[in-house]
Structures are given as structure tokens and as C-alpha cells.
Amino acid sequence: MATSAASPAPRRRRPAFPGGRPGDGRRQRADGPGGERPRSHHRFRRLGGHRAGGRLLVLRGRGRRHDDVEQGDPVTQPSVCVLILNRDRRDDTLACLASLRQSPYPNLEVVLLDNASSDGTAAAVRAAYPDVTVIETGGNLGYAAGNNVGLKWARRQGADYVLLLNEDTVVDPAFLGHLVEAAQSRPEVAFLGPLVYHHDEPDIIQSAGGLIAPDWRTYHRGQNERDRGQYAAPIEAEWVTGCSIFMRMSVVDRIGMLDPAFFIYSEEVDWCVRARRAGFAGLVVPAARIWHKGVRRGYSPSPRVTYLSARNHLRLLRKHRAGARALLGAMAGDLRTLASWSVRPRWRDQRAHRDALARAMVDFCRGSFGPPPF
């Protein structure tokens with residue numbers, strides 16, 4: 001776990017879910033004095049002149065302030081396209097959209113990218129949120145290629161910013177406003193992320209930005225720390241977690257889209273490294289908050305995750321020329337793990353993981369990337 005940077009000034013402690021979890025149907029209260037937050041006047045609305053085959057979502061407001069972030073006229077505010085990629089997570093997707101609907105940000109488009117779900121997600125979203133654009137990708141394209149479909153759509157719409165948001169997240173109503181405000185004030189920043197909490201432990205931090213060690217191992221700053229206000233001001237990050245990446249479209253035009261060879265895992269690190277090598281910076285904005293269901297403390301990965309994580313980490317090292325020492329060190333570490341899973345009695349039941357790790361190393365050496373073989 002990465003060492004957490006000390007904050008320059010502690011922030012006032014706030015309840016993780018003011019008045020209830022986002023998306024649980026209970027009325028929420030504003031952070032700090034002032035009591036109950038005014039009922040939102042924002043609704044999903046279809047705009048005239050939308051493109052065929054898709055419906056455009058814009059949340060319109062009445063110039064209210066929310067959480068000290070000024071929400072202006074949608075004509076003058078930068079346009080944000082939110083891409084939510086889903087595969088067979090209907091209930092999570094609907095909960096994510098319910099929380100996002102509370103955002104007062106006035107110039108927002110939301111797109112659901114459905115990776116061939118079998119649980120009726122696309123139909124459910126069309127019924128519940130008729131102004132959300134639903135794009136069915138036609139197959140399980142993975143995180144990278146699936147989101148690239150949405151990035152191409154956002155480019156055609158002329159979006160200023162794009163937000164890649166996991167379907168298993170719920171968001172604080174003000175988080176988009178905080179991200180836009182930070183991006184507008186820091187033109188050298190290409191990608192931004194919120195402060196991410198565990199959904200089942202709402203005051204436990206999952207990520208306060210990503211770090212890369214000298215040997216190219218990747219870490220989440222602040223992982224599993226209780227939020228005591230230690231991350232108050234925006235803090236630079238070498239990468240941000242793929243569950244919520246806020247990126248300038250002008251930077252996407254310059255560095256390219258996500259690398260589909262990764263399929264899933266490490267692709268967000270690769271994207272952020274490419275942006276930084278192009279001369280841009282990354283930033284985590286702690287005032288922007290979300291809660292992620294995906295990775296709980298004590299989480300045990302599946303063999304498929306073991307395979308993808310190991311293979312893609314090796315590919316990341318080679319792609320960015322981390323050096324022979326880093327690459328050989330990573331492969332030596334994988335070989336030690338294989339030996340441990342094969343010899344030590346307590347790990348002998350890890351045969352599926354052992355086989356997945358061995359296959360990952362073989363496929364890396366053979367240059368076999370993209371979707372996993374199992």
C-alpha cells in the first residue's frame with residue numbers, strides 16, 4: 001500500500017452519506033449547515049435536434065448553488081459526457097443512474113454502453129430513463145474497447161470532457177461540479193478522479209489516486225484508510241482508478257483512446273501514463289466523492305482476474321519501456337508465486353489460480369492479448 005501524503009489542512013469531517021446512501025431512495029441532506037437540501041429541479045430531458053439512433057441527456061437547472069459549487073447556464077458551462085459501461089449489472093446500473101440524476105450540473109449527457117448483457121439492462125434503462133442514450137455494443141468488448149465506443153460518440157457530440165464511470169458506483173450529487181471546477185482552473189491537468197470509498201464501508205477510502213513505484217508496481221493512495229480528513233486539498237496522482245476517470249476530450253484527441261489489447265485491468269494506468277508523457281498532469285479532487293461496490297476489503301480475485309492482472313501488468317511494463325530490471329523482476333515475482341502455489345501445502349488448492357498465472361506468462365511471451373482465453 002502506498003504511503004499516504006499528509007494533507008496541508010484538515011477538512012471538516014462530513015458524514016459519508018449525508019442523510020442516507022445515494023440512490024437508496026431516502027432524502028439526503030446538504031453537507032454542513034443549512035439542513036435539508038432543496039428538492040432538485042433537474043430532470044432528464046430530451047433535447048431537440050438529437051442524432052438518430054441516440055437520445056441526448058441534459059440536466060437543466062435554475063442557477064442554484066449546491067455544495068458551494070456554482071452551477072451556471074448550460075450554454076456557458078463545459079459539456080460533460082458520462083459513459084457508463086455495463087455487462088449484466090442491471091440493478092447496479094439503475095442505482096448509479098439514480099444517484100447521477102441528483103447532480104445539478106447543467107450541461108450533462110449520459111450514455112449507457114451495454115456489452116451484450118443478458119439480464120435486460122438496456123431495456124430497463126430505456127424504460128426508467130428514456131432520455132439516456134443506450135448504445136448496445138454487440139458483444140463483450142471489455143472495458144477498453146467498450147468505452148472506446150462511447151469515446152467516439154462523445155467526440156462526435158463535441159463534448160469538452162468525458163467521464164468513464166463504473167456501473168457499480170453511486171455518486172455524491174456535487175461530484176461532477178467539483179471535477180469540472182478543478183479542471184477549468186488547472187488547464188495543465190488531463191485526467192481527474194474523485195475520492196473513492198468502499199460502498200459497504202462508506203467512510204473507508206478505496207482510492208485517493210494511484211501511484212507507480214520505481215519497479216512499476218501500482219498502488220492506491222490511502223487504500224483502506226478511514227477518512228479522517230487527511231485528504232483535504234486536490235492532490236496530484238500518477239493515475240486514477242478506472243471506476244471513475246474524468247478526462248479532457250482535447251487530450252483524448254492527442255493521446256488516443258484506451259488500448260483494447262488490455263481488455264480490462266491496467267488500461268487506465270496506461271492511459272494516464274500516456275497523458276503524463278504528453279506533458280499533462282493528473283489530479284484527485286477529494287471534494288468529489290463516489291462509492292464503489294466493486295472491490296471489498298478481503299476480496300479474493302477469480303482465476304480470470306489473476307490471469308488478466310498478471311498478463312496486463314507485464315504488458316504495461318514492456319509497452320512503456322520500464323526496463324529489463326522491472327520486467328524481469330515482475331516475471332521473477334510471478335515465478336515465485338507459481339512455485340509457492342505448487343509446493344506449499346496451504347496453497348495447493350490454488351490450482352486454478354496457478355494455471356491462470358502460468359497461462360498469463362505464456363500468453364505475454366507469445367504476444368497474445370485482448371479477451372481472456374477462459
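The values are calculated or read from the model by the stated rules, or taken from the named source; none is laboratory data. Please read all numbers here as calculations on a predicted model, not as lab measurements. Cβ coordinates were reconstructed from backbone atoms using ideal geometry, including for glycine residues, and neighbour counts include every protein chain displayed.
Candidates Arg126, Arg101: the one that is in contact (Cβ under 8 Å) with a residue 12 or more places away in the chain and among the basic types (Lys, Arg) is Arg101. There is no residue in region 185-206 that is touching a helix residue (DSSP H, G or I) at 6+ places or on another chain (Cβ under 9 Å) and in a loop (DSSP other than H, G, I, E, B). Residues that are in a loop (DSSP other than H, G, I, E, B) and surrounded by fewer than 22 Cβ atoms within 10 Å (Cβ to Cβ) were ranked within region 148-184; the one that is farthest from the chain's Cα centre (by Cα) is Gly158.
In region 200-231, what residues are among the hydrophobic types (A, V, I, L, M, F, W, C) and surrounded by 15 or more Cβ atoms within 10 Å (Cβ to Cβ)?
Within region 200-231, the first condition is being among the hydrophobic types (A, V, I, L, M, F, W, C), and the residues that meet it are 204-205, 208, 211-213, 216.
The answer is Ile204, Ile205, Ala208, Leu211, Ile212, Trp216.
Residues in region 321-346 that are assigned to a loop (DSSP other than H, G, I, E, B) and on the phi < 0 side of the Ramachandran plot were compared, and the one that is surrounded by the most Cβ atoms within 10 Å (Cβ to Cβ) is Ala322.
Evaluating Gly282 against the criteria (1) in a helix (DSSP H, G or I); (2) under 29 Å from Pro202 (Cα atoms); (3) not hydroxyl-bearing (Ser, Thr, Tyr) leaves one unmet condition, (1). Out of the residues in region 232-248 that are touching a Phe, Trp or Tyr at 6+ places or on another chain (Cβ under 7 Å) and closer than 16 Å to Glu181 by Cα, state the one that is surrounded by the most Cβ atoms within 10 Å (Cβ to Cβ). Ranking the candidates gives Phe246 first.
For (1) of a type outside the set (Gly, Ala, Ser); (2) closer than 28 Å to Ser309 by Cβ; (3) outside the structural domain of Asp259 (by TED's automatic domain parsing), each residue gets a yes or a no:
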| site | (1), (2), (3) |
| --- | --- |
| Arg155 | yes, no, no |
| Ala159 | no, no, no |
| Tyr197 | yes, yes, no |
| Ala208 | no, yes, no |
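Assess whether Ile245 counts as being in contact with a Leu (Cβ under 6 Å, 6 or more places away or on another chain), at pLDDT 95 or above and under 19 Å from Arg186 (Cα atoms). Yes, satisfied. So for region 356-368 (the condition being under 26 Å from Gly139 (Cα atoms) and among the aromatic types (Phe, Trp, Tyr)), does at least one residue qualify? Checked region 356-368: at least one residue is under 26 Å from Gly139 (Cα atoms) and among the aromatic types (Phe, Trp, Tyr). Looking across Arg277, Arg289, one residue alone is loosely packed, with under 14 Cβ neighbours inside 10 Å, of a type in the set (Lys, Arg), under 24 Å from the mean Cα position of the chain (by Cα) and closer than 30 Å to Gly177 by Cα. It is Arg277.
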